[in-house]
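A.B. asks: Supplied in structure tokens, the structure appears directly below.
The values are calculated or read from the model by the stated rules, or taken from the named source; none is laboratory data. Being a predicted model, the structure only gives us computed values, none of them experimental. Cβ placement follows ideal geometry from the backbone for every residue including glycine, while neighbour counts extend to all protein chains displayed. Heavy atoms of the whole protein, side chains included, go into the accessibility calculation; ligands, DNA and RNA do not. Shrake-Rupley method; radii C 1.70, N 1.55, O 1.52, S 1.80 Å.
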Amino acid sequence: MYSPSRKDFIALTLSDQHSRSYNNGKHRRQSCWRKWKQLSRLQRSLILFLLALLLIFGLLFYPSFSEQWGACSCAVCVCVCVHSGMSDKAVREDWDEDWERGLKPIPPGVNPVAGPAGGPAVGLAGVAVGPELDPGLGLAAAPGLIPEVIPEPRRPKVPSIPKPPAKKRPFPNKRGPPSLQKERNVSDSLVKPAEKVPVEKAEEKEGEKPLVSWRGAMIEADEATEPPPSAHEKDAPVPVNPEDTAPLAPVSVKPVDRLEMVREAFRHAWKGYKEFAWGHDELKPVSKSYGEWFGLGLTIIDALDTMWILGLKEEFEEARKWVETELSFSKNVDVNLFESTIRILGGLLSTYHLTGDEMFLEKAKDIGLRLMPAFKTPSKIPFSDVNIGKGTAHPPRWTSDSTLAEVTSVQLEFRELSRLTHDPQYQEVVNEVMRLVHKLPGKHDGLVPMFINTNSGQFTHKGVFTLGARADSYYEYLLKQWIQGGKTEPDLLEDYLEAIEGVKKHLLRTSGPRKLTFVGELNHNRFNPKMDHLVCFLPGTLALGAHNGLPEDHMELALQLMETCHQMYIQMETGLSPEIVHFNLQPYDGRDVDVKPADRHNLLRPETVESLFYLYRFTKDAKYRDWGWDILESFNKYTRVPSGGYTSISNVRDPVNPGPRDKMESFFLGETLKYFYLLFSDDLELLSLDKYVFNTEAHPLPIWQLPPV
Ligand code: DMJ
């Protein structure tokens, strides 16, 4: 008898089970068919109808199911999705957790969904920026979590992006397949820009490099979602290195801190002057030496009242001592009448007014008297140069002309000297110049030529009209003399009003791109869109006139020109204006200003800061202070010499090498820093513009209470 082994037993058992189950199945199929046959025709139709319905619904919903399945591309995920019935929310929360563990999907908008062919995504301006994911950064560890953000194929050596915010934001408990939640895509699920982690932090954490934009600038992930720059932005100059032109400190620095910054700047300038140029005219801060012009300690005298106003007592005292003990005008030296009047005579007179110290008045009398020979000319139009030791005067070697600004911008000082000394000789000579110019033929609707002959007393080089070099302060002093004398001299006012009308008629234009109003020049009836930085005194002067009752449109023009002067700074890579700009008259074509290579220097000039001061005083608009603050920061950034002093520079368009010129003009201390201080001061009674009139070197002189005699 066959006795089955254990193996055989198992085999037999299986075979038996198989045969039983086969027979059972056959039996089941037969009984099903029998049962179907037993149904009535109606019942069978109904069942068939329901089955057909089921089939139709199945076909309709097939894509949704397939997508849901597709969302879990790995086998495990499919199992989890299908078998556990895991919700969409749960899947995404899982993804968030993965993110927090360092598995990084793409931040919002940086890299659009990889195309079907897996080609690079398109970023700003149509430039391919993706796939940006560094294979080594961990995304590979999370394949399939969010299939639409995984670029495919991945490429090595592409810039990585900063880590997106790790903050978790729950998805709404919204059911349904992802295709029905279109509005909540991956980007939407990330934190808002306001909640973003600073890019520096992200970089620190991950050691990733930031994305490089098409402009070559670093951009943050969120910035990549912005549209390409508008035409307007494209026109704006792009600094060579944007970081170089960034402000050093927030704009919203308190006025008191700004005042302290001006004092600090003054002390720094003074330190250099004291150490390397003491007693000489100008500091050469780079070579740590000095320059001599008149040999009269010009910087000390020009800076006296600034120190007094800024409250720098110690510095003022040492300067005062030098003036008292060292300064002597008994020198065989040629000085320029205009420059020595506005800087030395003006500086001494204003310091006398501020301090009441008679020593300064005595010095003022001394220099005033020594300058008088300049007026001994056939025409009574003064010579440009005087030897203050010999008492002789002469024109420049190459001509017998004087420039118009020079002979008409010494009046405030000489008139004041007469008032103080009760000696009319000073005011008589300068008033005579004004009378002559008032009735001289050759003006063009109030605009004056740039030269006047000291022999004939006639204008020369006719046909050239400018408010820049050689003519500028003629216009300034018309108004300021009228104010100084208590508004009692109608010829001065008449000439001023006529001149401003002439400016409006012949010299005003607007630039093409931004419609900036500017003052150009007229050269034998041909307009030249050239504007010197010197012209930026005009907004302040126009505003001063309007404040004193002159037409309101003068103020409107002042505001427009102030904006233009501001643009002359901010359109430069260093944030500093060049000496001369040429405006672009072509519409929609690039920059407003062109700067020729020879005009790119900055001499630390004051005119724009001066006008900002006037406009702030009259409008109280804080933007003028902010503009001034930006200029001070740029001076600190590009012109400050570490060992002391500030230097003029050669190229305001080159922040990398602005080209120090090794010269600190005395007007930087006399004017520029003083106007900064007055601009930032909240004390509006400090040198009230209803009590003082500033000479063209920023030395305040009193407005007379009594009319001139
Ligand atoms: C100063 O000497 C005076 O402001 C003058 O009126 C013009 N030139 C310089 C400053 O730029």
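A.B. asks: Please indicate, with yes or no, whether at least one residue in the range 582-590 is within 22 Å of residue 648 (Cα to Cα), away from the ligand (no atom under 16 Å from the Cβ) and not acidic (Asp, Glu).
C.D. replies: yes
A.B. asks: Would you confirm whether any residue within the range 331-343 is open to solvent by less than 30 Å² (accessible area, probe 1.4 Å), more than 16 Å from the ligand (Cβ to nearest atom) and over 34 Å from the mean Cα position of the chain (by Cα)?
C.D. replies: yes
A.B. asks: Scan the range 554-566 and tell me whether some residue there is without any contact (Cβ under 8 Å) to a residue 60 or more places away in the chain, open to solvent by less than 10 Å² (accessible area, probe 1.4 Å), in contact with an Asp or Glu (Cβ under 9 Å, 6 or more places away or on another chain) and within 16 Å of the ligand (Cβ to nearest atom).
C.D. replies: Taking every residue of the range 554-566 in turn, at least one turns out to be without any contact (Cβ under 8 Å) to a residue 60 or more places away in the chain, open to solvent by less than 10 Å² (accessible area, probe 1.4 Å), in contact with an Asp or Glu (Cβ under 9 Å, 6 or more places away or on another chain) and within 16 Å of the ligand (Cβ to nearest atom).
A.B. asks: Moving on to the next point. When only residues in the range 567-579 that are touching a residue at least 60 places away in the same chain (Cβ under 8 Å) and not in a loop (DSSP other than H, G, I, E, B) count, which is least open to solvent (accessible area, probe 1.4 Å)?
C.D. replies: 569
A.B. asks: So, one more: Go through the range 592-646 residue by residue and tally those that are outside any loop (DSSP other than H, G, I, E, B), more than 16 Å from the ligand (Cβ to nearest atom) and charged (D, E, K, R).
C.D. replies: So the answer is 9.
A.B. asks: Next question, about the same structure. Considering every residue within the range 652-660, establish whether at least one is modelled with pLDDT of 95 or more, open to solvent by 30 Å² or more (accessible area, probe 1.4 Å), within 14 Å of the ligand (Cβ to nearest atom) and over 18 Å from residue 263 (Cα atoms).
C.D. replies: no
A.B. asks: Pairs under 8 Å by beta carbon, first residue touching a residue at least 40 places away in the same chain (Cβ under 8 Å) in the range 692-707, partner among the basic types (Lys, Arg) and within 16 Å of the ligand (Cβ to nearest atom), six or more apart or different chains?
C.D. replies: 693/480; 694/480; 695/480; 697/343; 698/674
A.B. asks: Take the residues of the range 475-496 that are assigned to a helix (DSSP H, G or I) and surrounded by fewer than 18 Cβ atoms within 10 Å (Cβ to Cβ): which is nearest to the chain's Cα centre (by Cα)?
C.D. replies: 494
A.B. asks: Further, regarding this structure: Among the residues of the range 368-424, write down those that are closer than 25 Å to residue 351 by Cα, within 16 Å of the ligand (Cβ to nearest atom) and among the β-branched types (Val, Ile, Thr).
C.D. replies: 407, 408, 410, listed by residue number.
A.B. asks: Let me ask you something else. What pairs come up if the first residue lies in the range 593-609 and is open to solvent by less than 50 Å² (accessible area, probe 1.4 Å), the second is assigned to a loop (DSSP other than H, G, I, E, B) and near the ligand (Cβ under 10 Å from one of its atoms), and their beta carbons are under 6 Å apart, counting only those six or more places apart or on different chains?
C.D. replies: Hits for this filter: 599/579; 601/579; 603/665; 604/665.
A.B. asks: Quick one: count up the residues across the range 663-693 that are in a strand (DSSP E or B) and either within 16 Å of the ligand (Cβ to nearest atom) or charged (D, E, K, R) (or both).
C.D. replies: Residues meeting the conditions: 2.
A.B. asks: Looking only at the range 694-709, filter to residues that are assigned to a loop (DSSP other than H, G, I, E, B) and open to solvent by less than 30 Å² (accessible area, probe 1.4 Å); which one of those is farthest from the ligand (Cβ to nearest atom)?
C.D. replies: It comes out as 704.
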